[in-house]
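The values are calculated or read from the model by the stated rules, or taken from the named source; none is laboratory data. Just so it is clear, the structure is predicted and the values come from calculations on it, not from any experiment. Cβ atoms come from the backbone with ideal geometry, glycine included; neighbour counts cover every protein chain shown.
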Amino acid sequence: MDTKLVVADFEDWRETVAEAVELLQAGEVVGLPTETVYGLAADAFNAEAVAKVFEVKERPSFDPLIVHVGRRSQVEEVAAVPEEFHELVRDMMEEFWPGPLTFVLPKKEAVPDLVTSGMDTVAVRMSAHEVMRAVAKEMGPIAAPSANRFGRISPTSAAAVIEELGGKIPMVIDGGACRDGVESTIIKPEMGEKGPILRLLRPGPISKEQLREFAKVVKPKKTKADHIESPGQIESHYAPATPLRVIEKGMEFEPEEGIKYGLLSYRGEGGTSLVDVMEWPEIEVLTPGKGKLTEAAVRLFYCLRKLDSSGVDEIIAEPISETGIGVALMDRLRRAAAGHAKASPKNDNV
């Protein structure tokens with residue numbers, strides 16, 4: 001299969017949307033841009049189309065998908081907001097939608113079990129990217145996880161989608177680089193002793209501090225691979241093929257002879273930077289000299305991809321300030337490292 005890459009520029013992006021909708025209505029899957037990462041989209045009500053998403057991504061069926069809507073009224077097609085949470089959810093949607101906030105809510109029967117991995121809840125959000133939102137408005141609710149092979153680095157550009165899934169899907173819409181660069185915040189409204197609370201299932205661009213303006217925020221429950229509440233909760237996730245190690249605050253790094261290391265640096269200089277520890281064959285800097293977490297979020301998956309393809313034996317990642325979106329960035333790095341926790345670097349020297 002040849003994968004068609006279409007640039008959604010100012011003049012013809014609506015025509016491009018119509019082409020994507022036609023493919024989706026025919027039961028195909030399409031790569032679409034969002035403000036967080038690129039998604040692999042399918043008709044949320046077409047179980048066979050959703051099955052293609054799992055097949056193309058090599059994604060296990062126990063990992064549920066996020067459903068994207070193009071307008072608030074479409075939420076009623078996929079989810080039922082309990083009366084006790086109605087005001088809270090409404091206020092948060094008014095504040096954060098369209099944007100990178102996903103709600104986990106009781107699902108409607110029309111949503112195939114495959115979308116929700118058999119659970120009685122569905123994850124739903126409205127993207128701030130005009131292309132994804134326009135497709136969902138025209139098509140209806142869309143099931144769309146990140147457009148990469150399962151467990152691999154999430155794509156923040158159309159080129160990264162082609163690299164991951166080229167030849168497996170009919171079309172990718174190039175809507176430019178992703179604005180936020182890290183997956184959406186996922187919350188689940190629940191009833192606490194004193195009223196509604198928000199269970200934070202996955203940190204993301206909407207910070208815990210922002211969520212606290214609406215309700216008390218509590219930690220997610222510990223989850224295993226076969227028992228999760230929402231997308232992105234598997235311990236080992238977002239991983240490069242190259243082993244990755246996060247050097248947490250207070251930890252020291254001592255390079256081993258014969259291993260080629262790549263460095264993922266936060267600022268590239270100063271403070272606890274590891275830049276001067278050794279002569280690094282490859283270095284990627286998330287936010288050169290600035291320490292801006294928003295810039296680090298946009299560059300995280302891009303820099304990981306660059307290091308992953310550089311030929312190093314192991315990637316060493318510096319810690320990122322865990323404030324605001326920095327919590328989400330460290331979450332992604334720790335998950336990326338988890339898959340290689342018991343593995344040794346890919347070094348053939350014995």
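See the values below:
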| item | result |
| --- | --- |
| Selection within region 166-208 - part of a strand (DSSP E or B), out of contact with any Asp or Glu (no Cβ under 8 Å at 6 or more places or on another chain) and among the hydrophobic types (A, V, I, L, M, F, W, C) | Val172, Ile173, Ile186, Ile187, Leu200 |
| Yes/no for Pro240 being at pLDDT 65 or above and under 24 Å from Glu84 (Cα atoms) | no |
| Among the candidates Glu213, Glu163, Glu130, Glu183, residue that is over 20 Å from Leu333 (Cβ atoms), out of contact with any helix residue (DSSP H, G or I) (no Cβ under 6 Å at 6 or more places or on another chain), outside the structural domain of Phe62 (by TED's automatic domain parsing) and not basic (Lys, Arg) | Glu213 |
| Residue list for region 281-299, restricted to those being outside any loop (DSSP other than H, G, I, E, B) and of a type in the set (Ser, Thr, Tyr) | Thr294 |
| Among the candidates Leu307, Leu293, residue that is out of contact with any Phe, Trp or Tyr (no Cβ under 9 Å at 6 or more places or on another chain), buried (at least 20 other Cβ atoms within 10 Å of the Cβ) and at pLDDT 90 or above | Leu307 |
| Of the criteria (1) surrounded by fewer than 23 Cβ atoms within 10 Å (Cβ to Cβ); (2) outside any helix (DSSP H, G or I); (3) aliphatic (A, V, I, L, M), which one Ile153 fails | (1) |
| Test result for Ala337, buried (at least 19 other Cβ atoms within 10 Å of the Cβ) and at pLDDT 85 or above | yes |
| Tally of residues being at positive phi and either touching a Lys or Arg at 6+ places or on another chain (Cβ under 9 Å) or of a type in the set (Asp, Glu) (or both) across region 150-189 | 2 |
| Subset of region 240-283 (residues that are of a type in the set (A, V, I, L, M) and free of Cβ contacts under 8 Å to residues at least 40 places away in the same chain) | Met251, Val275, Val277, Met278, Ile283 |
| Failed item, numbered, when Leu286 is tested on (1) touching an Asp or Glu at 6+ places or on another chain (Cβ under 8 Å); (2) modelled with pLDDT of 90 or more; (3) more than 19 Å from Cys178 (Cβ to Cβ) | (3) |
| Region 165-176, subset touching a Pro at 6+ places or on another chain (Cβ under 9 Å) and surrounded by fewer than 24 Cβ atoms within 10 Å (Cβ to Cβ), residue nearest to Ala336 (Cα to Cα) | Leu165 |
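Here's the yes/no breakdown for (1) surrounded by fewer than 15 Cβ atoms within 10 Å (Cβ to Cβ); (2) assigned to a loop (DSSP other than H, G, I, E, B):
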| site | (1), (2) |
| --- | --- |
| Ala51 | no, no |
| Val67 | no, no |
| Gly70 | no, yes |
| Gln74 | no, no |
| Val81 | no, yes |
| His86 | yes, no |
| Asp91 | yes, no |
| Glu94 | yes, no |
| Gly99 | no, yes |
